[in-house]
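Here the structure is laid out as structure tokens; the discussion comes afterwards.
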Amino acid sequence: MAEYANIIVDIFNEKLDKTFQYRIPEAMKEKLTLGMQVYVPFGKRNIKGYVVELTDEPEFEVAKIKEIIGIATDSVPIESQLIALAGWMKKNYGATMNHALKTVIPIKKKSNAVEHKSVRLKLTEIEAKSELAEFERKHQKARVRLLSALIENPQMDQSMITQKLNVSGAVIRALETMGIVEVVSERSYRNPVSHLDSKGYHLTLNEEQQSVVDVIERNLDQKIAKTYLIKGVTGSGKTAVYMELAKECLRRGRSMLLLAPEVALALKLRRDASLALPDVPLYFFHGYQSAALREKTFRELAKRREPCLVVGTRSALFLPLPSLGAVVLDEEHDSSFKQDEGRTYQAKEVAWFRIAQAKGLLVLGSATPDLKTFYAVREAKIPVSTLPARVGGGTLPSIRLVDIRSMNCVESILAPETLSALKQTVEQGDQAVILLNRRGYAPLMYCIDCGKVARCPHCDIGLTYHKGRERLVCHYCGYSVPFPSPCPSCKGLHFHPMGQGTERVEEYIGTLLPPGGRVLRLDRDSTRRPGRMEEILESFARQEAQVLVGTQMLSKGHHFPHVTLAVVADGDIGLNLPDYRAFQLLVQSSGRAGRGEKPGQVIIQTRDVNHYCWQYVKNGDYEGFYDYEIALRKRRRYPPFINLALLRISYPMDWAAG
């Protein structure tokens, strides 16, 4: 048993970003493990620290080495591999060791020891506004405050409601009795797939899929760290390959981590895994879950010794999986795999480090691989398998461009030709998806009195109008004000909405559908309530709505066999920026149509029908696009031919020295 522990103290100071050695008391020697959080004397106070090394060798005079006071009661021991990962992140991303450790270790809040309660709105927005009007008529101010807040944010912490909104428990109980709200405990965890029936779900691979699995299996058996690319067109059955890989991983006694770039796609993968592999131990993890649930998952996996399957988003990379065998990144090209804010990291790089530790396999899947990934393929650094056709003999959808240069997009963002195709699709009993990567009702609000646009006072960015919430919102910093509010420039109250957002498109399409027709919307605003994203996707899959309007979270991975029309409402968004990901988004969006027995069509509205990108999108020619783009990048010295670093400096707006 080790005599000493090297500890990183929990202080964010670069001068203290090193280990300090402490003696392990006799009573702790059998309990103390790597990654545990302990209390130690530091100067004149006692503070918390992380055990990063256990040793028998004293680093200085034994008599001067202080003793560990105790193990934190909420300590989460983590394996040495995660300690090594934190050290690697410190070196590669310029973080302190303390900062890196807090990325890989869940931070337990003191309040978690108490049962956490929140209040959830049970009514639809229309029903809630009707009740709100009644409360306002009766001058029931506390009920008005509570219901107004819940309409804007359908689930809120109960302590915030009582303290910030000054609403008593009696008022909450009264609304609960009326069936308007429900009080939920964070300790009761819903199983979102418990209602699904796995009968009839058959995982049968075609010859091309089986060929890919066979190659990957051989790599698994070699137990050598390796990266592998699966390049398959949309609808080619990459998910079925992932499921078979998970089965083979677990059969060999190794765990698998399956990652998606966004929660919406992770939900779909979790559902597929639940149906395809009903007997496999399955965990689900993403950053929008409550801190209590994320910590619960971490603790369970830390104790687990048998292999399992974990589905999640990029933050799941820091889970302590037993005997990790493979990490799969679906839609590996997606920019969401890179965390730009706070504790920054690139999920692909972190995944490779974990696989190198475990001597496993990193599998990258995409119809439109990241250019840096495909460059590595062309340089023979990464092997690739292709799935060139859709499963079941399905064909890729036809793609046509609609020129909207002469169209007035203030009243409608959809051209007459597009509207005609949409109406025909609905009349035939099929479904359609409309993609517009711009949430809200209107991107800008124009003051008719002074001619200025309402802007964020912090970012100087135009405020977006959200009609359902009746607020103007900054999509950069989150600042918001009620609407209508006086114009900051002239105090006028006459505004005109400019442009179209998903909320406005949803409202407009609703007026065009026949009686009984229904439109759903999938964006960050419509999915704020926990569980709402699953409800929208499942409702559309059951054909309870004819049209689904959404942002880019709808563009990838989802399988709706009754969708025969996909509309990209504004194909020019991002097209003229120095970023090749616009091509990837357009191809992924096109892949939502024609995934069932009926052929599909894609309509892309554009103001530049002659742009070079369209010939590659229409033909689904990724390699042609790659050749064109990589030549430009080589000539202009862009990645992958050079490494770029971002140096970001920020300071308060009222800083005198600024």
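So the values come out like this:
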| read-out | value |
| --- | --- |
| Exposed GluC sites (Glu not before Pro) absent: longest stretch of the chain, with sites in DSSP loops and at most 13 other Cβ within 10 Å deemed exposed | 116-340 |
| Cα centre as origin, Lys/Arg/Asp/Glu Cβ charges: the chain dipole, Debye | 1100 |
| Neighbourhood net charge (9 Å Cβ-Cβ; Lys/Arg +1, Asp/Glu -1) for Thr502 | 0 |
| Percent carbon-and-sulfur accessible area, the range 313-446, ignoring ligands, DNA and RNA, probe 1.4 Å | 49 |
| Where labels lie 7 Å past Cα in the beta-carbon direction, separation of Asn92 and Arg137 in nm | 6.2 |
| Pairs from Lys64/Lys90; Lys141/Lys467; Lys18/Lys48; Lys90/Lys226 whose Cα-Cα separation, in the structure shown, is over 18 Å | Lys64/Lys90; Lys141/Lys467; Lys90/Lys226 |
| Proportion of all alpha-carbon pairs of the range 376-441 beyond 19 Å (%) | 61 |
| Stretch gain in nm, segment Thr73-Ser480, where the contour uses 0.36 nm per residue and the Cα spacing is subtracted | 142.5 nm |
| FRET efficiency, Glu217 to Met1 (Cβ-Cβ, R0 41 Å, nearest 0.05) | 0.50 |
| Environment charge of Ala442, counting only residues whose C-beta is closer than 9 Å and scoring Lys/Arg +1, Asp/Glu -1 | +1 |
| Answer label for semi-axes √(5λ) of the Cα gyration tensor in Å (calculated), chosen among [x] 42, 35, 26; [y] 39, 28, 25; [z] 50, 25, 23 | [x] |
| The range 295-422 - Kirkwood radius from inverse mean 1/r over Cα pairs (Å) | 18.7 |
| Computed P(r) (all Cα pairs; the range 453-506; 5 Å bins; percent) | 4, 20, 30, 29, 14, 3, 0 |
| Farthest positive-ward along the chain dipole, Cα basis, beta-carbon charges - from Ala631, Ala432, Gln289 | Gln289 |
| The range 372-481 shape via C-alpha gyration tensor axes, a/c threshold 1.5 | oblate |
| Among Leu493, Pro599, His562 the positive-end extreme of the charge dipole of the chain (Cβ point charges) | Leu493 |
| Reach of Lys423 by Cα under 20 Å, taken over lysines that are not fewer than 8 positions away in the same chain | Lys598 |
| Candidates per trypsin sites (Lys or Arg not before Pro) in the range 504-571, loop by DSSP, up to 10 other Cβ within 10 Å | Arg542 |
| Proportion of all alpha-carbon pairs of the range 594-656 beyond 14 Å (%) | 75 |
| Extension reserve of the Thr386-Asn610 stretch, reckoned as 0.36 nm per residue once the Cα distance is removed | 77.6 nm |
| Point-to-point label distance, Ser489-Glu26, nm (Cα→Cβ direction, 7 Å offset) | 7.9 |
| Rounded to the nearest 10 Å², the accessible area of His611 at probe 1.4 Å | 30 |
| Separation in nanometres of the label points that stand 7 Å from Cα toward Cβ, at Tyr638 and Arg304 | 4.0 |
| Length-normalised contact order of the chain in % [C-alpha pairs under 8 Å, at least 6 apart] | 11 |
| Cα-based Kirkwood hydrodynamic radius, the range 22-97, one decimal, Å | 13.7 |
| Calculated P(r) tail over 17 Å for the range 489-545, as whole % of Cα pairs | 55 |
| Angstrom value of the Kirkwood radius, inverse mean 1/r, which spans all Cα pairs in the range 219-367 | 15.2 |
| Gain in span if fully extended, Glu417 to Ile126, counting 0.36 nm per residue against the direct Cα distance | 101.5 nm |
| Listed residue pairs exceeding 31 Å between alpha carbons, taken from Lys29/Lys296; Lys44/Lys303; Lys91/Lys223 | Lys44/Lys303 |
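The values are calculated or read from the model by the stated rules, or taken from the named source; none is laboratory data. Quick caveat: nothing in here was measured; it's all calculated off a predicted structure. Note that we place each Cβ from the backbone using ideal geometry, even for glycine, and neighbour counts take in every protein chain shown. Remember, those area values only see protein heavy atoms, side chains included, never the ligands or the DNA or RNA. Shrake-Rupley method; radii C 1.70, N 1.55, O 1.52, S 1.80 Å.
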